Every structure is written in C-alpha cells, then in structure tokens.
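Read-outs throughout are calculated quantities, based only on the coordinates presented, and are distinct from any laboratory measurement. These figures come from a predicted structure and were not determined experimentally. When we count neighbours, we look across all protein chains shown, and the Cβ atoms used for this are built from the backbone with ideal geometry, even at glycine.
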Amino acid sequence: MGLLDFLSSKDRTLRARAAAALYAAAVAQARAPALYTALGAPDTLEGRFELIALHVHLLCRRLGKAGGAGSALAQALFDTMFRDMDRNLRELGVGDPSMPRRIKTMLEAYFGRIKAYDAAFAQGGGALAQAIARNVYNAAAPGAAAPGAVALADYVQRAAAALDAADAETLMKGEVAFAQIAPSSAKSSGL
C-alpha cells in the first residue's frame, strides 16, 4: 500500500463518518414530534420515509453546491441512507427474495421526490407546498386533505436557506443545524 492509497482510505473513512453524522442528524430532524403533531405529517412508515428522504435531499442539494468533495459526501450520505433502509426492512422481516424489489421501489420514490422538489424550488410560489402535499401527505390534490403542507413547505424553504448559508467546511465535517420547525404556523395554514 502506497502513501496515496493510505490518504485515499483515510479520506473515505472521514467521508463515511461525516455521512453517518449527517444522516443521523437528518433522521433526528425527520423524527421531530412537531412534524407529526403540529404539521400533521403521517406517522407511518411511508410518512417517515418521506420526511427522511426530504431532509437527506436538502443536505445532498447543499453538498452538491460545495464542489467535488461535497458531491462525494452527498453520494456517501445517499449510500448511508439506503444501507439503513435495507437494514430497517430486514428488521421488519422483509426477506432476501423481495429485498431488491423493495429497495428499487424506494430508490425510484427517492429520485422522483428529488425531481419534484427541485422543480418546485425552481418554480417558486406554491409549487413546493403542492409537491409536499402530494408526496408527504399523499394528497391527490392540494387542499383540505393536507392542511400542514403549506407550513411544512415554509419550514423546508427555511431549512434550505439555512443549509445554503451554512459553512461548507462545517458540513463536510458532518455537522449540521436544521432550521426550527414552527408548529404555530401549521394551525393557521391551508392550501
């Protein structure tokens, strides 16, 4: 093993640790009780997946803006998420024969969400609330079926702005602080 191999291995180890820390922070934020109580996000396996995917995407989106090292960390974060999803499915009793199909479905859902959220960020206006209503709240059409979607979209925009303003070096170390969830705005929000 040469010196460059050692440095490369050390970089991968540091990146894996940072990805694990970022993923843990994303999961902790996605499990914040206010998301389920005040904003009415569904407290189901699907609802939790949606919120974890949303938080991981916010991090990956920001890391992608940090250049090559950020993109590598975003990939490591994505990999960490899906290794955890695999482990969780196994703990729930999903067997090996159906695992590839389940993971493929989750991957397709994740990439579909990324596309929808990125388009909504670019479009502005109420597009993010509509995407959140469809994906997180499983609402066929925005409205009374997803009253928390506007408040959740407001939180997501604030979280994205906070991540965009965050120091890249701090993120690269696996340290992140998400925006506060404002549960009081959920009560008066509607689409």
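So what's the stretch 11-176 giving for Rg/Rh, alpha carbon basis, Kirkwood Rh from the mean inverse pair distance?
On the way: Rg = 15.8 Å, Rh = 16.4 Å.
Here Rg/Rh amounts to 0.96.
Ranked highest first by the average count of other Cβ atoms within 10 Å around their residues, in what order do 60-70, 123-133 fall?
On the way: 60-70: 15.9, 123-133: 18.8.
Final packing ranking: 123-133, 60-70.
As a footprinting exposure proxy, order M99, M172, M81 by other Cβ within 10 Å, with the fewest listed first.
Working: M99 13, M172 18, M81 25.
Ranked by crowding around the Cβ, least crowded first: M99, M172, M81.
Tell me, D167, D86 in order of fewest to most beta-carbon neighbours within 10 Å? Provide the component values of the computation, followed by the final result.
On the way: D167 10, D86 16.
Ordered from fewest to most neighbouring Cβ atoms within 10 Å, D167, D86 come out as D167, D86.
What list do you get for I181, I114 if you sort them by fewest beta carbons within 10 Å?
Values: I181 21, I114 17.
Sorted ascending by nearby Cβ count, the order is I114, I181.
Label K115 and N88 with points 7 Å out from Cα along Cα→Cβ: what is the distance between them in nm?
2.3 nm
Quick check on the chain: helices-only [θ] at 222 nm, where DSSP H runs of length 4 and up contribute -39,500 (n - 2.57) each and the sum goes over total residues. Nearest 500, please. Walk me through the numbers on the way to the answer.
Details: 9 runs with 138 residues, N = 191.
Result for the chain: -24000 deg cm²/dmol, rounded to the nearest 500.
Taking a spot 7 Å from the Cα of A122 along the direction of its beta carbon, which residues of the stretch 57-77 have an amide N less than 17 Å from it?
Output list for this probe position: 58, 61-62, 64-65.
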